[in-house]
Amino acid sequence: LILPAPRRPIRTRHHAAPPLEFVKAVGAHLPLADDAQTTYVHRDPDVLILRNFIKKEDCDGLLAAGRAASLEKSPVEYAGWTEDAAELLQTWASGPAAWIALAAVLISVNIFGVEDRIQLAETGLGVYVVNLGLAAVAIFGFLDQRKEKLQALRTSKSVALRGSTPAQGEVACYERLLELLPSITPESCEALTLIKYDPGDALAPHYDANRAADAEDVARGGQTLATLLVYLNDVDDGGRTRFNKLGITVAPRKGDACLFFPADASGQFDERLEHEGEAPGAEKWIGRIWVHARPIIGETGCPPGTLEALRNR
Ligand SMILES: O=C(O)CCC(=O)C(=O)O
Ligand SMILES: [Fe+2]
């Protein structure tokens, strides 16, 4: 997945602009200086901590917006359900369904003495089709149950900022992100989502990318190529973002951000980026922006007022 060229001149505040060949794809390694502002906690795949990503007063602005909003239980998407459904149906179609149809034909011949080939073919086909239909109903019921179970993996509450006027700190998050990744456009960024963990709330290990993004995430702009987590308050006890397969954790520090790439530059799901939000001992707030492969056509995108503010800056 090669992203469109930057629409606006590259402007930088804290970091030198990476050379163009590095920014053609968002998942390419960012040749950013590993300095006091930017720490690579892991390279290939890259996971970065961006110190003082936004100002403390911008964190407070976002916290105020979160406290004023009505938060709802964070949604959990069942990524890859189309692949699971196709796989289960295929297994059933090529195995049990075929054997049951064959058994029906054999019973017709041996027990009911049917000899007419057309009648036997009709029996076999009929049993096969009905069987497959019933299996499809059962499979979708099973997937529905699985989806409900997935929701139990996340106990945080959240709200996506979709107001016509940006909240204080909202534009700053996008601005900083666009400076770091000049190859992305704000149109391919999701609305900034504020997430609150009460003590004990957690988010179980998961992936932000989707193996079946082309089928399931069309309205969301396709594959999730980058995740930005902005920590809005200091959490001294727990609440870390943990990357189990990479063996690293990032502790929430007010104003810092964590940036990583759930899929590679070609849009391939990268299972090494599995991560979780550990339960904090005290309240934890983050702001999250997901960057997608293409402009978002659904409602989940960066809201018009914020896009306007970004264009006019
Ligand atoms: O809260 C965290 O540290 C992780 C959040 C996260 O992974 C997500 O919202 O997808
Ligand atoms: Fe995540």
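The values are calculated or read from the model by the stated rules, or taken from the named source; none is laboratory data. Here the structure is a predicted model, which is why all the values come from computation and not from measurement. Every residue, glycine as well, gets a Cβ built from its backbone with ideal geometry; the counts of neighbours run over all protein chains shown. Surface areas here come from the heavy atoms of the whole protein model, side chains and all, with no ligands, DNA or RNA. Shrake-Rupley method; radii C 1.70, N 1.55, O 1.52, S 1.80 Å.
Only residues that are of a type in the set (Phe, Trp, Tyr) and either without any contact (Cβ under 8 Å) to a residue 24 or more places away in the chain or open to solvent by 10 Å² or more (accessible area, probe 1.4 Å) (or both): list them for the stretch 168-218, please.
TYR207
Can you say whether PRO205 is modelled with pLDDT of 95 or more and either out of contact with any helix residue (DSSP H, G or I) (no Cβ under 7 Å at 6 or more places or on another chain) or closer than 30 Å to SER74 by Cβ (or both), as far as the supplied structure shows?
It is false that PRO205 is modelled with pLDDT of 95 or more and either out of contact with any helix residue (DSSP H, G or I) (no Cβ under 7 Å at 6 or more places or on another chain) or closer than 30 Å to SER74 by Cβ (or both).
Is there any pair linking a residue in the stretch 71-86 that is acidic (Asp, Glu) to one that is part of a loop (DSSP other than H, G, I, E, B) and away from ligand 2 (no atom under 16 Å from the Cβ), with Cβ under 7 Å and at least six apart or on different chains, and which?
Note: pairs meeting the criteria are GLU83/ALA212.
Would you mind finding the one in ALA79, ALA28, ALA86 that is under 30 Å from VAL137 (Cα atoms) and at pLDDT below 80?
ALA79
When you scan the stretch 82-105, do you find a residue that is of a type in the set (Val, Ile, Thr), open to solvent by less than 80 Å² (accessible area, probe 1.4 Å), in a helix (DSSP H, G or I) and closer than 25 Å to ASP208 by Cβ, even just one?
Yes, the stretch 82-105 has at least one match.
Looking at the stretch 280-299, I want the residues that are farther than 22 Å from VAL250 by Cβ and have a partner that is within 14 Å of ligand 1 (Cβ to nearest atom) and at pLDDT 95 or above with Cβ atoms under 8 Å, at least 6 apart or on another chain. Which pairs are those?
The qualifying pairs are HIS292/GLU190; ILE296/GLU190.
Taking only pairs six or more apart or across chains, which ones have beta-carbon atoms under 8 Å, a first residue in the stretch 263-276 that is farther than 16 Å from VAL41 by Cα, and a second residue that is modelled with pLDDT of 85 or more and aromatic (Phe, Trp, Tyr)?
Listed pairs, sorted by first residue: ALA263/PHE269; PHE269/TYR207; ASP270/PHE261; GLU271/TYR207.
For the stretch 238-256, name all the residues that are without any contact (Cβ under 8 Å) to a residue 60 or more places away in the chain, over 23 Å from GLY61 (Cα atoms) and either away from ligand 2 (no atom under 16 Å from the Cβ) or open to solvent by less than 40 Å² (accessible area, probe 1.4 Å) (or both).
GLY238, GLY247
Going by what's in this entry, would LEU232 be described as among the aliphatic types (A, V, I, L, M) and in contact with a Lys or Arg (Cβ under 7 Å, 6 or more places away or on another chain)?
So LEU232 fits the description; yes.
Mind checking which residues of the stretch 252-302 are within 14 Å of ligand 1 (Cβ to nearest atom), within 12 Å of ASP208 (Cα to Cα) and either in contact with a Pro (Cβ under 6 Å, 6 or more places away or on another chain) or assigned to a loop (DSSP other than H, G, I, E, B) (or both)?
PHE261, PRO262, LEU273, GLU274, GLU276
Here is a yes/no grid of residues against (1) farther than 30 Å from TYR207 by Cα; (2) hydroxyl-bearing (Ser, Thr, Tyr); (3) open to solvent by 40 Å² or more (accessible area, probe 1.4 Å); (4) in a helix (DSSP H, G or I):
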| site | (1), (2), (3), (4) |
| --- | --- |
| GLU115 | yes, no, yes, no |
| ILE118 | yes, no, yes, yes |
| ALA121 | yes, no, yes, yes |
| LEU134 | yes, no, yes, yes |
| VAL137 | no, no, yes, yes |
| LEU143 | no, no, no, yes |
| ARG162 | no, no, yes, no |
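From the list THR165, THR155, THR224, exactly one residue is in contact (Cβ under 8 Å) with a residue 24 or more places away in the chain, within 14 Å of the chain's Cα centre (by Cα) and either within 16 Å of ligand 2 (Cβ to nearest atom) or within 21 Å of ARG288 (Cβ to Cβ) (or both). Which is it? Please lay out each step first, then the result.
Values: THR165 fails: within 14 Å of the chain's Cα centre (by Cα); THR155 fails: within 14 Å of the chain's Cα centre (by Cα).
Result: THR224 is the single residue among THR165, THR155, THR224 that is in contact (Cβ under 8 Å) with a residue 24 or more places away in the chain, within 14 Å of the chain's Cα centre (by Cα) and either within 16 Å of ligand 2 (Cβ to nearest atom) or within 21 Å of ARG288 (Cβ to Cβ) (or both).
What is the residue count in the stretch 257-299 for residues that are closer than 30 Å to GLY238 by Cβ, more than 14 Å from ligand 2 (Cβ to nearest atom) and surrounded by fewer than 18 Cβ atoms within 10 Å (Cβ to Cβ)?
Summing the residues that are closer than 30 Å to GLY238 by Cβ, more than 14 Å from ligand 2 (Cβ to nearest atom) and surrounded by fewer than 18 Cβ atoms within 10 Å (Cβ to Cβ) in the stretch 257-299 gives 3.
At pLDDT 95 or above and of a type outside the set (A, V, I, L, M, F, W, C), is that true of THR185?
So THR185 fails the test.
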